[in-house]
1. Using a simple spin-label model with points 7 Å from Cα along the Cα→Cβ vector, what separation in nm is obtained for residue 135 and residue 94?
2. When each pair of different Cα atoms in segment 19-125 is counted once in the 1/r mean, what is the Kirkwood radius in angstroms, to one decimal?
3. If I stretch the segment between residue 277 and residue 112 completely, what's the gain in nm (0.36 nm per residue apart, minus their alpha carbon distance), one decimal?
4. Just grab the label-to-label distance for residue 231 and residue 208, each label 7 Å out from Cα along the Cβ direction, in nm (one decimal).
5. Among 316, 42, 26, which one shows the biggest mean-square fluctuation in a GNM of the chain, springs joining Cα atoms closer than 10 Å?
6. If one computes the Cα centroid of segment 31-93 and of segment 312-353, what distance in Å separates the two points?
7. How much length is gained on full extension from residue 290 to residue 124, taking 0.36 nm per residue of separation minus their Cα-Cα distance?
8. Hey, what number do you get for the chain at 222 nm if only DSSP H runs of n ≥ 4 count, each worth -39500 (n - 2.57), divided across all residues, to the nearest 500?
């Protein structure tokens, strides 16, 4: 969710490119693997298979010291993921001895058709095998059915090294493939929030019936919510909050100071006058700069709407947001596919001239 200047072309947008909110250096492609990392240093490497009962394979690792590696296998066969049966998953790299995972070491997400495998995949040597191997054959058995697929490992070594480098583990004891003698780095003050249950009780209530975030899809938090521990007494929480539209996702931010939780208000301009809202759309947060940005799209192409920037400041009642800049552009009747979209260069509604 790190803020970068939103400068893209309509040609790229029409091709399905990202909105520019992620750092370019945090995404790489190595052969059939897509590898990406966020500002919390959480990283994922994944590949997809077409015309296969097993549609994707992912390796995920958070940026925390000594964090385990999770393996996620997705299937398009609903007969595997639905029901209450125990699952057994076998991972075999080339001619090596198969690794068998079952029972409580497998979490099944029936809605997503995903199987998350837990274990010491670094210590067991599986990650090293993936680095050096040619193919990984994965078999899932559940509900009296078995499916399998073979994933090519070309590019896996480069992806694993990219993650080690991005997470600053090269030469450290907790690296995946580039281990050394140095102790793990201390944890960052920022961490991902993947489920509603990880939020403080005072925020979880907002997701209950009648709360401001009651219509939020819980799956939206994974990869889009985080906590930033500013100091020993103050933490900022940022989370999707509410029902998402086709191209606008609402967010809320909260301050937990001395165990008192209050929502952050996002100042803005309405018809030339100051206003404020407890939600912002398509929110990005740069924890190092303590700055927020939001781009509310007037339409999906992103050539119109409202772009805002705020900074976190210390007010009389604790941390609050100050509006740094707001730009607005009405939707033109026609657009140029080669036009550069730079919302920060649109006519300013704040600061006032």
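1. 1.4
2. Working: mean 1/r = 0.0652 Å⁻¹.
Computed over segment 19-125, the radius equals 15.3 Å.
3. Stretched out fully, the residue 277 to residue 112 stretch lengthens by 56.1 nm.
4. 3.2
5. It is 316.
6. About 38 Å separates the Cα centre of segment 31-93 from the one of segment 312-353.
7. Details: separation 166, 0.36 × 166 = 59.76 nm, distance 3.98 nm.
Residue separation times 0.36 nm, minus the Cα-Cα distance, leaves 55.8 nm.
8. On the way: 5 runs with 31 residues, N = 353.
Computed ellipticity for the chain at 222 nm equals -2000 deg cm²/dmol.
Rule-based calculations on the coordinates, nothing more; no lab input. None of the values given here were measured: they were computed from a predicted structure. Heads up, the Cβs are rebuilt from the backbone with ideal geometry, glycines too, and the neighbour counts pull from every protein chain shown.
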